[in-house]
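The values are calculated or read from the model by the stated rules, or taken from the named source; none is laboratory data. It should be emphasised that the depicted structure is a prediction, and the values quoted were computed from it without experimental measurement. Reconstructed Cβ throughout: ideal geometry from the backbone, glycine too, with neighbour counts over all protein chains shown. Heads up: the accessible areas ignore ligands, DNA and RNA and are worked out on the full protein's heavy atoms, side chains in. Shrake-Rupley method; radii C 1.70, N 1.55, O 1.52, S 1.80 Å.
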Amino acid sequence: MAEISPRRFALKTGETCVVRSAAVGDARVTLANFREILASPFLVTAPEDLDLTEEQERAWIAEHRQKPGWLALVPEVEGRVVGLLSFENGARRRVAHRGSFGMSVLA
């Protein structure tokens, strides 16, 4: 199971950031954050292109919690989830040492 223990960091602003494994219960807020991030005119994907449901987001987070070599993390600033980081290693033994990395953070 790909999980990390929560880690606490002090930001330059004086605020506290905790980075922890994403939980299935984070699905609603991670999806809302992603839609807000996609509203940027500088991204190729538009908010209306995102057709994920909350249930699909829950399943995606659950899968990242269960598969070895997969990881989903969320940063919380003062208790508010402000982003998402994911990693998925290669599916075959010969490419398990490499993978895909994604990251999104609110402005």
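Taking every protein chain into account, the accessible area of the chain amounts to 68 square angstrom per residue (probe 1.4 Å). Computed over protein heavy atoms with a 1.4 Å probe, the carbon and sulfur contribution to the accessible area of the chain reaches 55%.
Length gained on full extension, Arg92 to Arg7: 27.5 nm, using 0.36 nm per residue less the C-alpha separation. Here Ser100 sits with roughly 70 square angstrom of accessible surface, probe radius 1.4 Å.
Can you give the helix-only mean residue ellipticity at 222 nm for the chain, where every DSSP H stretch with n ≥ 4 adds -39500 (n - 2.57) and the sum goes over all residues, rounded to the nearest 500 deg cm²/dmol? Kindly include the intermediate steps, with their values, before the conclusion.
On the way: 2 runs with 25 residues, N = 107.
Only helices count here, giving -7500 deg cm²/dmol.
Ligands, DNA and RNA excluded, the heavy atoms of Phe87 present near 70 Å² of accessible surface to a 1.4 Å solvent probe.
For the range 58-96, trypsin sites (Lys or Arg not before Pro) are listed when DSSP marks them as loop and at most 15 other Cβ atoms sit within 10 Å of their Cβ; the list is Arg92. Residue by residue, the range 60-74 carries 3J(HN,Hα) couplings of 4, 5, 4, 4, 5, 7, 9, 7, x, x, 10, 8, 9, 10, 10 Hz when phi is fed to the Karplus relation 6.51 cos²θ - 1.76 cosθ + 1.60 (θ = phi - 60°); x denotes Gly or Pro.
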